[in-house]
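Worksheet for the structure shown next.
The values are calculated or read from the model by the stated rules, or taken from the named source; none is laboratory data. Note that the structure is a prediction, hence the values are computed from the model and not measured. Cβ placement follows ideal geometry from the backbone for every residue including glycine, while neighbour counts extend to all protein chains displayed. For the accessible areas, the whole protein counts, side chains as well, though only heavy atoms, and no ligand, DNA or RNA atoms are used. Shrake-Rupley method; radii C 1.70, N 1.55, O 1.52, S 1.80 Å.
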Amino acid sequence: MNLKKEFGAYLISGGITTGVNYILYMGLLFFGFSYLAANCAAWVGAVLTAYVLNRRFVFHSRKKLVQEFISFTALRFVTLLIENLLLWLFISRLHILPLPSKLLVSIVTVVGNYIFCKYNIFEKEDICHG
């Protein structure tokens, strides 16, 4: 798949994943969860969605499922930590509302996640060399 097509597929799957993330985040905030608890729970839903979409429709991976999922989750966990730190900074220290804070933080995580996925998780195995 050429880079332009791959990035387009990534944007579509990212839009779906972001939708799952925001629906869960805002829903949990509505029901009284703290912003960090809501973000962590939303992260779980988003990671599951992103993994399936990225593996199947964006990067067309052929790696072993369990190993790849563990790597994917581990690297996404790094972005969760960064996201929670930035949310804490924006909401608790800078007093920005939770939704605008989440939007700002999403810019950092979307770029970081694409780079992690493209170069560390979904590398295609060489068909000729196994």
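Results, tabulated for the structure shown:
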{"item": "Pairs, first open to solvent by less than 50 Å² (accessible area, probe 1.4 Å) in the stretch 60-71, second basic (Lys, Arg) and at pLDDT 80 or above, C-beta under 8 Å, six or more apart", "result": "SER61/ARG55; GLU68/ARG55"}
{"item": "Flag if VAL52 is more than 15 Å from THR109 (Cα to Cα), of a type outside the set (Lys, Arg), under 15 Å from the mean Cα position of the chain (by Cα) and open to solvent by 60 Å² or more (accessible area, probe 1.4 Å)", "result": "yes"}
{"item": "Test: residue in the stretch 38-45 that is more than 12 Å from the chain's Cα centre (by Cα) and open to solvent by 50 Å² or more (accessible area, probe 1.4 Å)", "result": "no"}
{"item": "Residue in the stretch 77-87 that is of a type in the set (Phe, Trp, Tyr), open to solvent by less than 50 Å² (accessible area, probe 1.4 Å) and in contact with a helix residue (DSSP H, G or I) (Cβ under 9 Å, 6 or more places away or on another chain) present", "result": "no"}
{"item": "Single residue of the stretch 101-130 satisfying the filter (in a helix (DSSP H, G or I) and open to solvent by 90 Å² or more (accessible area, probe 1.4 Å)) that is modelled with the lowest pLDDT", "result": "TYR119"}
